Amino acid sequence: MRADLILPILVLAAALAAAVYSYRGRRRRVSTRTTPGGSEMWGAGGDTRAPALSPAEALAHAEDAIRIRAAQVAAASPDAPPAALAAAEAALTTARTELAEARRQWAKGEDPAAVREHSTRADAVLKAEAPAFAALRRG
């Protein structure tokens with residue numbers, strides 16, 4: 001009967017030894033690497049901010065957001081609250097103005113940070129009025 005337990009115990013011991021060896025090796029590699037990344041394992045902690053978008057990506061993101069929100073306004077039901085419709089249309093107008101300025105600066109080859117800022121501002125205006133757009137869907 002004891003002989004029947006020897007093989008499972010040996011397999012368990014081998015698995016545990018492999019896990020400890022792997023863990024120590026990973027710790028050693030993480031602590032001695034020369035590339036950025038700190039000493040955290042598997043991305044725990046560290047910088048959690050989203051990477052900055054390029055000006056072209058920011059423009060595309062803002063254009064998509066405006067297109068989607070404009071479609072929501074166009075598809076608003078007749079029962080939609082007038083205040084929500086007015087707020088959504090005002091947000092769209094402001095976002096389109098910001099996007100137009102971003103496109104103008106992009107076409108002239110001006111400061112990429114300004115293009116990104118105007119594009120981000122257009123997206124932020126739409127996000128700020130998210131409750132109004134949500135009311136259009138429910139209306």
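The values are calculated or read from the model by the stated rules, or taken from the named source; none is laboratory data. Quantities reported herein were computed from a predicted structural model and do not represent experimental measurements. So basically every Cβ, Gly included, is an ideal-geometry build from the backbone, and we count neighbours across all protein chains shown. With ligands, DNA and RNA removed, areas are computed over all heavy atoms of the protein, side chains included. Shrake-Rupley method; radii C 1.70, N 1.55, O 1.52, S 1.80 Å.
Order the following by accessible area, largest value first: Ser22, Ser119. Probe radius 1.4 Å; ligands, DNA and RNA are ignored.
Ranking Ser22, Ser119 by accessible area, largest first, yields Ser22, Ser119.
Using bins 10 angstrom wide from zero, how does P(r) for the stretch 56-97 break down, in % of all Cα pairs?
Reading upward from the zero bin: 28, 50, 18, 4.
So for each of 53-62, 2-11 I average, over its residues, the number of other beta carbons within 10 Å; can you give me the resulting order with the highest mean first?
Peptide ranking by packing, descending: 53-62, 2-11.
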